Amino acid sequence: MAKVIGGVFTSHVPAIGGAIQRGAQGEPYWAPFFNAWPPVREWLDVQQPDVVVMFYNDHGLNFFLDKMPTFAVGAAEVYRNEDEGWGLHPFPVPPGHTELSWAIIEKLVEEEFDITTCQDMLVDHAASIPLALAWPGREAPVRIVPITINTVQHPLPSAKRCLALGRAVGKALAEWQGPEKIMVMGTGGLSHQLDGERAGFMNAEYDKFCMDNLARDPDALTTHSVHEIVELSGTQGVEILNWIAARGALGASTSEVSRTYHIPISNTAAAVMVLETEAAVQSGKIKHEAEPEMI
């Protein structure tokens, strides 16, 4: 029986990839963000997930303004990275988990979500950078199921709808009969606006509200309309929808393992969080109890 262990939530600013390529992780500008990752990797070393279900937004690579699905699910055996020129290139993208993809797709349709199914799909920095941060210097030792949410072209899905999407994915994961340990990722944000009159806008108060409630009360994040979220977080800060959906996939109860918040990197309020399920807590206890004592 599959086990959902928790989720990693992170900003996916493309300039992060450039910093990795330049070896700039220790520079004062970047260090507060990259210093968030050792605890994440320690948690991953204990949990050793087999699959990552990733909620993110496509940046015009697969879909553009003339064809923009609200929700799309990858069902490919192989995903290719196509960097936009800002970050990691080339990047080894882990293989897909097509059987789990189709189980999720079938559950979403059963739950009355109208989705786009992609049997051929490219991934950009929103997927590749989080994987490179979690497993630096190597291909991530997982299979992936990418799920994209429209955060670009209005009308956008509501936060309530995205949370419901995640919860429907969570039902599919709970019913999955495979032996895998499954982790979710929610990528993007937090508050930022890259253009227009409010270019450079960030809102630490709203970001803290989101981070404080993500584990304990995700429904609190659905009390604002999409237009209110844009006002509170900036035009691109609406990527919080990816975090909300990912949180929904974790089920009712989670606990916070770690969090870091830093302003700014690349005009963005950057954050990293790890939430774990009770299944992960028990898994960690079992592993630690099994380890021999050091003499």
Counting only DSSP beta bridges with both partners in the range 3-270, the antiparallel fraction in percent, to the nearest 5, comes to 20 percent
Can you run phi through the Karplus equation (6.51, -1.76, 1.60; θ = phi - 60°) for the range 13-30 and list ³J(HN,Hα) in whole Hz, with x for Gly and Pro?
3, x, 5, 4, x, x, 5, 5, 4, 7, x, 9, 4, x, 5, x, 5, 9
Return the FRET efficiency for the residue pair residue 197, residue 217: r is the Cβ-Cβ distance, R0 is 30 Å, and the value is rounded to the nearest 0.05.
0.35
In terms of Cα to Cα distance under 15 Å, which aspartates and glutamates are near enough to residue 67, apart from those fewer than 8 places away along the same chain?
58, 114
Which cross-chain or sequence-distant (5 or more) residues have an amide H under 5 Å from the amide H of residue 11, H modelled 1.01 Å from N in plane?
188, 271
Checking rank on 164-171, 145-152, with mean other Cβ inside 10 Å and highest first, the result is 145-152, 164-171
Length released on extending from residue 65 to residue 110, taking residue separation times 0.36 nm less the Cα-Cα span:
13.4 nm
The residues 243, 135, sorted from fewest to most surrounding Cβ atoms within 10 Å, come out as 135, 243
Mean separation of Cα pairs under 8 Å and 6+ residues apart, divided by the residue count of the chain: what relative contact order is that in percent?
30 percent
Top mean-square fluctuation among 228, 197, 42, Gaussian network model of the chain, C-alpha springs under 10 Å?
197
The exposure ranking of 118, 210, fewest beta-carbon neighbours within 10 Å first, is 118, 210
Pop the C-beta distance of residue 119 and residue 153 into the FRET formula with R0 = 35 Å and round what comes out to the nearest 0.05.
0.95
Just to be sure I follow the rule: in the range 151-295, considering lysines 8 or more places apart or on different chains, how many pairs have Cα atoms under 23 Å apart?
5
When mean projected area of the Cα convex hull in nm² is calculated directly from the model, which label among (i) 18.3; (ii) 16.8; (iii) 15.3 fits?
(iii)
Which ordering of 216, 143 is given by a fewest-first count of other beta-carbon atoms within 10 Å?
216, 143
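A short reminder: the numbers here are calculations on the coordinates, not readings from a lab. Not measured: the values here are computed from a predicted model. Quick reminder, even Gly has a Cβ in these numbers, built from the backbone with ideal geometry, and neighbours come from all protein chains shown.
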